[in-house]
1. So, in the range 60-84, how many residues would count as being in contact with a Ser or Thr (Cβ under 7 Å, 6 or more places away or on another chain) and at pLDDT 90 or above?
2. Please go through the range 130-179 and give me each residue that is more than 17 Å from W83 (Cα to Cα), acidic (D, E) and assigned to a helix (DSSP H, G or I), ordered by number.
Amino acid sequence: MALSHFTIPSSPYFACSSSSSSSSSASTTSSYKYNYKQQLVVVPSSKKPRSWGWVVRVRSSLDTTGPTATVGQVTEVTKDTFWPIVNSAGDKTVVLDMYTQWCGPCKVIAPKFQELSAKYDDVVFLKLDCNEENKPLAKELGIKVVPTFKILKDNKVVKEVTGAKLDDLVHAIDTIRSS
């Protein structure tokens, strides 16, 4: 299908002009560069072509990749990115540091938490600032004191360590990794 032009409104669907009316070209997938350097995947819909063109669905690379965490470093998360990252971790252990900007013990343990992330290459380390914006997630996870470390396995909280207790946190991580 050769496209002569297309426009992208805020809707995930748009109309484009086609120079071909062959129905066999409806099953092809094409990739185009958008002028903001955001790659778009153009997938023709299952609808039959209309006389004015094709109806296609557009997915940006942001829709397909989602938020990610890098093993070996601590990733800052929000209420919107936490669960997608936990879900993408699969069967890996996830350790979440729930902290606040004003918490003294949180500031003391932060560099040690960073060192742990470099030590355990099979564990995903996340940080959540328990500010007003992230309050719904903090409530969902049942935080009562900062710092609180939640250890998740298979999308479930399996262990919790409250306070800046590095030895307890290391023991909890080792216990969950070995189980």
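1. Adding up the residues that qualify gives 2.
2. Within the range 130-179, D167, D168, D174 qualify.
The values are calculated or read from the model by the stated rules, or taken from the named source; none is laboratory data. Bear in mind that the values here come from a model prediction, so they are computed numbers and not experimental data. Methodologically, a virtual Cβ is constructed for each residue, glycine included, from the backbone with ideal geometry; neighbour enumeration extends over all protein chains shown.
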